Structure formats: structure tokens, C-alpha cells
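The values are calculated or read from the model by the stated rules, or taken from the named source; none is laboratory data. What you see is a predicted model, and the numbers here were worked out from it, not measured in a lab. Methodologically, a virtual Cβ is constructed for each residue, glycine included, from the backbone with ideal geometry; neighbour enumeration extends over all protein chains shown. These accessible areas exclude ligands, DNA and RNA; they are computed on the full protein's heavy atoms, side chains included. Shrake-Rupley method; radii C 1.70, N 1.55, O 1.52, S 1.80 Å.
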Amino acid sequence: MIALIDNYDGCVFNLFQLIGHYRRDIRIIRNDRMTVAELQALQPDHIVISGGGSQPEATGMVREMIRTLTGQVPILGICLGYRALLSAYGASMSYLDEIMQGRASQISLATDCPLFKGLPGEIQGMRYHSMTVPEKEIPEGFRIIARASDGEVMGVQAGNSSTFGIQFHPESFLTPEGSRIMKNFLDLD
Amino acid sequence: MTTSLEECRKMASGYGMVPVVKRVPAGGHTVEDLAEMARSLSKQVYVMDHTVDTGKEIRWERYAVIGFAPALEFSCTDGVMTVAQGGTRISYPCKDPSRVLAGVLAAHKAPYAAGMPPFTGGLAGYFAYEYIKYAEPEIQWEEANPEQFKDMDLFFFDRLFVLDRQQQEILLIVNIATDHLEENYRKALFTLGEMENMLEEAPRDGVPPFAITGSFQPMFQLQDYIRMVEQARKDIRKGETCQIVLSNAVTAPAQGSLLSAYRVLRKKDPTRYMCYFSSDDAECAIASPEATITLQQGQLYMNPLAGTAARGKTKEEDLKNERELLADQKSLDEHNMLVDDARNEFGAVCDFDSIGIRDYLKVVRCARVMHIGTTVTGRLRSDKTALDVIDMTVPAGVVSGSPKIHGCELINAIEKNRRGIYGSTLGQISLTGDADFCVFIHSAFLKNGKVTVRSGGGIVIDSVPEEEHQECLNKAMAMEGALYEASALDKGGAEK
């Protein structure tokens, strides 16, 4: 079962559809409707965390879940999910100089990272965000795996674990390689 | 030429209702004529008509629907559902009006029949802007409702007139219950005869003439609107939302019926959805460019329009405006957001691997403005109905925000009033399950002795407040002009 954590007001159903191309056993769980223990008991084999309209502090059980389950279950955080991942390990957010809402950027990828296996070194990725995690805030132990043409960090991997976060939206129609990224994630165990 | 009893028997198995259709020559009858007849006979009227822009010309589509004196009327306001049948009304608390309506449709399900128009009977009316509160009860906004806007108002039609322009015929349609089929069929023949007589004999002079009796006043003055836009930009900067649509309105005291305004709109610059709706508390004249939901035999379509430019005065200027619109980053950002939002809404109700987009960035033209459009498609899941789509899509992203729920809360905090009919989703769900709805924009409503034209524009971080204010005025201009013209025409008619 894939646990898809809904952070409210994000495009959770776009993620549902993206995952649904590969796996049908998806359960959408709102971030404040279940405890970490209850989620663990469901034994998801992958966890995807959606974007949303709020701040990492207001994502219910998400940050605790990330700290508890990293290393046990592959986790992929997207946009707010990415920022919640970094926030869970102490990072602070700040505002982007130029807000990116509905704008696609060129994003360079670390193609040796399992999340980006088989992808070109540079892809187009859709961005919907006003907040960012400045590079200096990225906690120790996190590897930067993607970067936008404006210099902003677009993806991290937590050490060698299967916990990843990406700032851009693989589920958007303007991220053509998004499906490939999700397939790579779902292939991890 | 009438559906035979034998044909009804063949269709009936597994269905609650079947349509009995009598085709008569259209003669000189037009949509305007049938609408006048309908409004003379009843205060409850629904007219749905479409045009298509072939590139060379604006053409009226094949079918137009005229319904009046519905069998039932369902309206819901602030958790109270009212069902009216003739003169009788019952009201009861209701938290989930969509489930009630789904139940009504399920009990009266009719088959697709060869050669039938898309709407042969069913529900017709509007789901107000605030209808989202039933799907999302935790939404935080002002409850006050001084204009007494309903959250939804839908007629249930078991009989209809449909004009078929291609065949130059009028289809008289009566839906009959499949239990006691033969008896119901005989009664239907009688009703069809009455409907045919109506065409020639029913009066057309019962429509109260329209008059604007004072000047149009704006809801928000320029300085107020600038402050509102600045607040929205602040909310976007803080990351509270990606974009929200703010609106302004002009209102004038008025009396009579909006039907003549609807006739003026049809003549002047008809656009995609040309509709007229009249109920006990309000009348609406709609010239909307935008389909919000089209559902045809399980295939779902949405056509979000976001990004606006003025029409040019010449063909060269028009094409120049189109090029500049498509090169404007703000407009493209606004548009792209809504395409992803539409995909997301479909994502909740469509089969996996069925959602796609086509005609990306195809510009749609109206009388005074043009918009960037894209068509989003998907196949509805077999366990979902048009009401599930309504629950996901109302209010349309193009009049609310992205993300939607918090966007609506922010808009309400800035505008501080109910939109009600403005930004509502208006149209029909057929007894077959098909649906066709437009967004209530580029339109007017008459309620509480006032006629209102409300229009809005998407605010993004780059929005310039004065330009946003002007964009609202531009969008309202075509409708204001039609209203003045209707008022003058009816005055001239009255003085004869």
C-alpha cells in the first residue's frame, strides 16, 4: 500500500493519478487524521507527501513521521513535503526573491541518484512556491540532488537513505519527466 | 412523429424513466419566441443554448433547451433544503444536498436513445459560489447573507421543449416512469398534445418589461480596489496562496424581467453559453465563454480560461493583442495553475491514465475581451456521477483561487460579502447522467429590485492594482451595454 499524505489544498489528486499509473493500492491520508503509530500499523511500502498551502509547522504528523520512518520506508516529499522534510531536521525557510507560482524552470539533476535513474542531466520542472530552503540551511548529511537554473536547491536525499524531497512538482503537466521520477521512487525498497 | 409505445418498452428495462418525444416542424418558432412563451406562462424558466466559433463565423449549435414550470424545484440555503412542487413547499435540514440530488437522478435514470439531444429532462439551474461549504464544511468565512442568496437552485424537468436547428424541428419531450408504462404513455400523448397547442396558442405578452431606474454604482471604488489587490499580493507574497480572483460589481435599481436583456445578448455578440434562468427570487442572463463541466457518455471536459486581454478594434490589433497575451508571463502563470488545478479536480473522479490536455493555450474570444484557454479531459469513474464532479469543481478555479479552499477564505476576508450567483456553476444534469455547465461570468442577475454585473480577475504577484480594476470594468462593459439597450427597447415597446 502506498500512503499518500494530503497536506490540504495541494494537488494531491494529481499525485494520486501519477502514482496510479504504476500502483492502484493507494491510500490518501490527511496529515492530521492519523498518528504516526497508526500509519506504521498500516505497513505502507512507500510514502509520498503532497504539497499544500501551509507551512511545515502546520503539517500535522508529517515531520514526526519522517523522523520515525526514515530508513524503514522509502519517503518522497514534494514541495511543502520537501520543506517539511528539511524542517524536520532543523532547517529554516525563507522567501524567494522571485515567487514561482505556475512557472516551469530548467532543473539540473544528479543522475547517479536512484530517484533520477535514466533521466537526462537537465529537465523541465514546474514550480509553485513562495518559500524556499536556502542552501546554507540544508542540514548536514543531506545531499543536494537537484538545482534550478536560478540557483535554488530543488531536491535533497537524506544521506544514503531512501528519503527524498523535491521542491518542484513531478505531477504537473509541465514536468514531462515526472512520471519517470515517480517510477524510480516506486521501484525502491 | 412520436416515440411509439413499443420503442418505450424496448428502452425501459433497467431504467426509471424513458423519454417520449414528438417532433413537430419548427415553423417560425425561435428560441426567443419559446422563451417569451415560457416566461409568460411561468416564473420558473431555464434556457440553454450554445454558439461555436468556427474561426470564420459564430454559429448557433444544433440544439437549444427551453424548460419551464418544473415538476419540482430543489433549493438549499445554509443547510436547509427546500423542495417545491407546484404551490407546496417542504423544508428540512440538509448537510449533503449533492447526495439528495444524486438520489433524485438515480431514481429517474433514463437511457440514451438514438437521435436524442444531450438534455431530455433532469436537473437544471445553478450551484452558487458558496456551494463548496457542503463539500468542505471546515471552510472559514463570513456567514452573513443580506441578499439572501441561495446555495443552489435547481429545477427538475420531466418535460421540455428542444429546438433542433439542423432538422428545423421542435422536439416536445415528456419523460414517463417505466412502471405502469402503457398508462403513463397514454397520459404523455395527451401532455404532448397540450405542449403542441401551446406553441401556437400560448401568450407571449406576459413578460414584465425591463427598466433600469437609477444609475449603476460600483461595489468597490478605485481606491478600495487598489487596497484589496495589495492585500491579495501580500497574501501571495507570504505564501498563503498562489493566486486569487478578486471581483467588483456594478449595481443599478431595476424592475421587470431580464429576458429582454438575454435577447439583446443573443443578437449582439453571442458567446459559447447563452443561457437564461428565472426563479422566484432572481433572474439571470448569461453570456459565458466558459464551460466548467461537460460530461458526455462518461467523457469529462473542462475548459479553464485564465489570462485576459482586450479585443482589438481592428483585425491587426486583435491579433497583436493575442500575441502579447500569449507572451505575458503573468497570464501564462495564471493559466498554467488552473490547468493543473483542473487536472487535480479530475484526478479525484476520473479513471487512472485517462486525464489529458488538448488545445493548450488556445485563445477564446468574447465580445470585449479574449482569454487563454486549454481543454482538460478525462473518463469519469463508473462509481462517480456528475454530482461528484460538481463537489470537486465548484466554485470554478477561474473565479476563486489556487489552492481553492484557502483561496476562497482569503477572497472572503478581502471582499467581505457573499458572491452567490456570481461565480456560480450553471447548467444541467440530464436523466441519462450527462452534464453541461458554464461558469456564471460575463453575465447579469436581477434580484431584490437591483440588477448586478459582477466581474473579476486573477491576482498574481505581478498584478498592477489599477490594471486589475480596469480589467473588471472591461469585462462588465458588454453586459452593461446590453442591459441599457434592453431597458431602452422595452421602454420603446411600452410607449407604443
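I need the Kirkwood Rh of segment B:139-191: take the reciprocal of the average 1/r across all distinct C-alpha pairs and report it in angstrom. Display every interim value, and only then the final one.
Details: mean 1/r = 0.0657 Å⁻¹.
About 15.2 Å for segment B:139-191.
Spin-label pair B:Asp78-A:Lys183: with each label point 7 Å from Cα along the Cα-Cβ axis, the two points sit 5.5 nm from one another. Between the alpha-carbon centres of segment B:99-117 and segment B:286-302 there is a gap of 18 Å. Once you reduce segment B:388-462 and segment B:209-258 to the center of their Cα atoms, the two points are 13 Å from each other.
Scale the Cα Rg of segment A:50-167 by the rule-of-thumb value 2.2 N^0.38 Å and send over the ratio, two decimals.
Values: Rg = 13.3 Å, N = 118, 2.2 N^0.38 = 13.5 Å.
Against the compact-globule rule of thumb, the ratio is 0.98.
For B:Asp280 and B:Gln255 in one chain, what is 0.36 nm times their gap in residues minus the Cα-Cα distance, to one decimal in nm?
Details: separation 25, 0.36 × 25 = 9.00 nm, distance 1.39 nm.
Stretched fully, the B:Asp280-B:Gln255 segment lengthens by 7.6 nm.
Taking every protein chain into account, the 1.4 Å probe leaves B:Cys350 with about 0 Å² of accessible area, to the nearest ten. Between B:Asp359 and A:Lys136, the simple label model (points 7 Å from Cα in the Cβ direction) yields a spacing of 5.1 nm.
Can you give the Kirkwood hydrodynamic radius for segment A:1-77, in Å, rounded to one decimal and based on Cα pairs?
One decimal place: 12.4 Å for the Kirkwood radius.
Shielding by partners for peptide A:96-104, expressed as the average number of C-beta atoms from other protein chains within 10 Å of each residue's C-beta, is 6.
What net charge do the residues around B:Pro304 carry, taking every other residue with its C-beta under 12 Å from that of B:Pro304, with Lys and Arg at +1 and Asp and Glu at -1?
Values: positive: B:Arg343, B:Lys362; negative: B:Glu290, B:Glu334, B:Asp340, B:Asp341, B:Glu345, B:Asp359.
Overall, the nearby charge balance is -4.
Accessible area per residue for the protein assembly as shown in Å², computed with a 1.4 Å probe and the full protein assembly in place, what is it?
Details: 26370 Å² over 685 residues.
It amounts to 38 Å² per residue over the protein assembly as shown.
How are the Cα pair distances of segment B:222-269 distributed, in percent, across 10 Å bins from 0? All Cα pairs, binned at 10 Å, distribute as 20, 27, 19, 25, 8 percent. With a 1.4 Å probe rolled over the protein heavy atoms of all chains, the accessible area of A:Tyr95, B:Tyr134 falls in the order A:Tyr95, B:Tyr134, largest first. Shape of segment B:422-496 from its Cα gyration tensor (a ≥ b ≥ c, root eigenvalues): rounded if a/c is under 1.5, otherwise prolate when a/b > b/c, or oblate? The shape class here is oblate.
Inverting the mean 1/r over all pairs of different Cα atoms, compute the Kirkwood radius of the protein assembly as shown and quote it in Å.
On the way: mean 1/r = 0.0376 Å⁻¹.
For the protein assembly as shown, the Kirkwood estimate is 26.6 Å.
Backbone N atoms of segment B:148-185 closer than 20 Å to the 7 Å Cα→Cβ label point of B:Asp224 belong to residues B:148-149.
Within 10 Å of each Cβ of A:60-72, how many other protein chain Cβ atoms are there on average? Mind dumping the intermediate values first?
Details: counts 0, 0, 0, 0, 0, 0, 0, 0, 0, 0, 0, 0, 0.
Across A:60-72, the average partner-chain Cβ count within 10 Å equals 0.
What does the charge count around B:Glu485 come to, taking other residues whose C-beta lies under 14 Å from its C-beta (Lys +1, Arg +1, Asp -1, Glu -1)? Once positives and negatives cancel, what remains is +2. For segment B:1-135, the equivalent ellipsoid derived from the Cα gyration tensor has semi-axes of 29, 22, 17 Å, listed largest first. Summing charges over neighbours of B:Arg9, with a neighbour being any other residue whose Cβ is under 14 Å away from its Cβ, gives -3 when K and R count +1 and D and E count -1. Approximating the spin labels as points 7 Å out from Cα along Cα→Cβ, the B:Tyr484-to-B:Arg237 distance works out to 3.9 nm. Across segment B:375-419 the C-alpha pair distances fall into 5 Å bins from zero in the proportions 5, 18, 23, 21, 14, 9, 7, 3 percent.
Once you keep just the Cα pairs under 8 angstrom separated by 6 or more residues, what percentage relative contact order results for segment A:61-189? Please report the intermediate quantities before stating the final value.
Numbers: 262 pairs, mean separation 39.2, N = 129.
Once normalised by length, the contact order is 30 percent.
Note on chain B: percent of Cα-Cα distances in each 20 Å bin, starting at 0 and stopping at the bin with the largest distance, equals 24, 59, 17, 0. Taken about its Cα centre, chain B carries a charge dipole of about 520 debye when Lys and Arg each add +1 at the Cβ and Asp and Glu each add -1 at the Cβ.
Filter the GluC sites (Glu not before Pro) in segment B:32-117 to those in DSSP coil with at most 15 other Cβ atoms within 10 Å of their Cβ, and list the result.
Details: sites: B:Glu32, B:Glu36, B:Glu57, B:Glu61, B:Glu73; in loops: B:Glu57, B:Glu61.
Those satisfying the criteria are B:Glu57, B:Glu61.
Mean residue ellipticity, 222 nm, helices only, chain B: the sum of -39500 (n - 2.57) across DSSP H runs of n ≥ 4, divided by residue count and rounded to 500, is -10500 deg cm²/dmol. The gain in end-to-end length when the B:Glu7 to B:Glu466 segment is fully stretched comes to 159.1 nm, 0.36 nm per residue minus the alpha carbon separation.
Take each residue of peptide B:234-247, count the partner chain Cβ atoms within 10 Å of its Cβ, and average: the result is 3.
Expressed in nm², what is the orientationally averaged projection area of the convex hull enclosing the Cα positions of segment B:366-496? Please report the intermediate quantities before stating the final value.
On the way: hull surface 47.1 nm².
Average projection, Cα convex hull of segment B:366-496: 11.8 nm².
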